[in-house]
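Following: one structure in structure tokens, then a few remarks.
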């Protein structure tokens with residue numbers, strides 16, 4: 001029994017090391033901004049940060065590009081109202097709506113979404129594929145920290161079935177308490193002068209929409225940038 005257990009542990013260790021070696025050979029590296037409380041695998045160590053402030057809300061976006069020209073974008077946590085599902089629903093609706101419009105300009109026509117519930121270490125959320133004429137042109141993941149006070153947006157310009165896209169999306173992890181500390185004091189209602197429940201959905205919609213517009217610009221810049 002002990003020999004069998006030892007063999008299984010050794011096999012698991014070898015498999016894990018092999019997995020990391022394959023990722024390293026392919027250029028994949030873990031990306032985790034100090035003190036931010038999230039980690040994600042990126043196809044290169046050359047990750048570019050960009051910080052924008054709109055309507056009093058600050059957004060920090062990190063982007064990278066692989067050798068095939070695929071863009072990988074992750075946004076640092078945006079404050080949410082932990083007591084309001086309406087706010088989170090509005091954030092998703094505003095974000096996906098604005099992303100759709102950004103990609104429609106690139107694709108030359110309307111895009112359709114397939115949305116699924118997903119979850120990972122320290123978060124849960126929704127994944128949406130952006131489809132044009134039967135082809136998936138991008139995948140969006142909006143992940144809410146398990147503390148429900150932050151939302152993260154990830155975009156990859158590839159189908160969610162693509163191996164690299166899966167590595168990127170499935171590697172995303174959040175440490176909810178560290179993340180909450182990193183964003184302590186940030187107000188999800190900065191874009192409004194009201195902080196009552198009836199405005200929650202509208203506030204989320206605005207914040208999600210603003211963020212998605214910025215991300216759309218970043219994606220466009222990354223995908224068109226020369227190597």
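Some observations on this one:
- For residue 129, the test of being within 16 Å of the chain's Cα centre (by Cα) and either modelled with pLDDT of 95 or more or over 20 Å from residue 54 (Cα atoms) (or both) is passed.
- Residue count for region 37-64, restricted to those that are touching a helix residue (DSSP H, G or I) at 6+ places or on another chain (Cβ under 7 Å), at pLDDT below 90 and either outside any loop (DSSP other than H, G, I, E, B) or not assigned by TED's automatic domain parsing to the domain that holds residue 148 (or both): 6
- The residue that is surrounded by the fewest Cβ atoms within 10 Å (Cβ to Cβ), among those in region 50-62 that are touching a strand residue (DSSP E or B) at 6+ places or on another chain (Cβ under 6 Å) and under 22 Å from residue 144 (Cβ atoms), is 51.
The values are calculated or read from the model by the stated rules, or taken from the named source; none is laboratory data. Computed from a predicted model, the values in this text were never measured in an experiment. Cβ coordinates were reconstructed from backbone atoms using ideal geometry, including for glycine residues, and neighbour counts include every protein chain displayed.
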